[in-house]
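To keep things clear, I will list the structure first and then write my remarks on it.
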Amino acid sequence: MRRLPATLALLAATVAVGTALLASTPATATLAAERETMPPPTTTTTTTTAPTTTTTTTTTPTVPPETIGELVDKAVNSVVPGTRVSVLAVDTDSDQPVASYDATTPMYTASVVKLLIAIDVLHSQNWAPDDATAATLEQMISYSDDDIADDLWDEDGGNSIVPRMASLIGLTGTQPPDDPTQWGEATMSAQDVVKTYQFIQDDIPAPAQDVLMTGMTKAAATAADGFQQYFGIPNGLPGSSWAIKQGWMLLMSTTVLDTTGMVGLGPTMPYAVAIMTELPAGTSWTAGTNAVTAGAAALKAAFVR
């Protein structure tokens, strides 16, 4: 075998040693390790916060509550001018108002006060009504039965029912009637009516809550006195889900029509709603119910579900 010249041999040895040293240096080893462990560049851009930004939009009113409240007032008064209107609608999931107009003004309740009468009875039975009591209360609520309300009003203390329930629920704009025999002349603000629905939803145990909700979801089209009680929420928001308690009453000074309840555009009912009205004396039932129905229709702009 031929031997390399001494100069070439020395050069080859030098190159071999340099290559070995270069491969063994820390910098080279580190670089090699980094190349092996470095993730593909595209994987660093996959994290996003999009889910958290979309979940908050469903309960945020797209129109200010006061603007919707004014629309309700204008809709009612466009049909019957001179009507006093008090409105509040609250998203009970977020506890935020979606419509508001003069919501703290006390208004006549008419049969809406039957909610307080029923809650008082249920509370007196520790929220566990017997079958007979449950059936009686459901009848009073769904058919707005005045005879049942008269009996319970007299049996349970008349005017004392109202402040007792105001204390229990935390109502600040609710007063008993001046004439203790006329429970329909009790007054509540729209704010207090909404707070009552929130109390039913959040604080009353299921057995008693079911009695109230059954009565309201099964509200009859024709009440016990023959009145057609699908004005307001039912006719103004067709296709919606609702659990309602309506009120109507004629006085020398005014015609009272109230539409209240839990409402939703889908299968759930996340909105607590109260539209309380006092129309000019002598207003016909037809004109009055048309006015309140127009007001309820204006609320739809506030609902997103």
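The values are calculated or read from the model by the stated rules, or taken from the named source; none is laboratory data. Note that the coordinates shown come from a computational prediction; the quantities given were computed from them, not determined experimentally. Reconstructed Cβ throughout: ideal geometry from the backbone, glycine too, with neighbour counts over all protein chains shown. The area values use the complete protein model at the heavy-atom level, side chains included, leaving out ligands, DNA and RNA. Shrake-Rupley method; radii C 1.70, N 1.55, O 1.52, S 1.80 Å.
So here's what we get for this one:
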quantity: Average accessible surface area per residue within the stretch 65-302, 1.4 Å rolling probe, Å²; calculated: 38 Å²
quantity: Computed accessible area, T214, all protein chains, 1.4 angstrom probe, square angstrom; calculated: 40 Å²
quantity: Accessible surface of the stretch 65-302 [probe 1.4 Å, protein heavy atoms]: carbon and sulfur percent; calculated: 50 percent
quantity: Heavy-atom SASA rank of Y143, Y230 (probe 1.4 Å, accessible area, largest first); calculated: Y143, Y230
quantity: Inter-label distance, nm, simple model (7 Å from Cα along the C-beta direction), T217/D151; calculated: 2.6 nm
quantity: Kirkwood-based Rg to Rh ratio, the stretch 65-302, C-alpha trace; calculated: 0.93
quantity: Farthest positive-ward along the stretch 65-302 dipole, Cα basis, beta-carbon charges - from A118, Q229, I68; calculated: I68
quantity: Percent RCO, i.e. relative contact order, over the stretch 65-302, from Cα pairs under 8 Å lying at least 6 residues apart; calculated: 29 percent
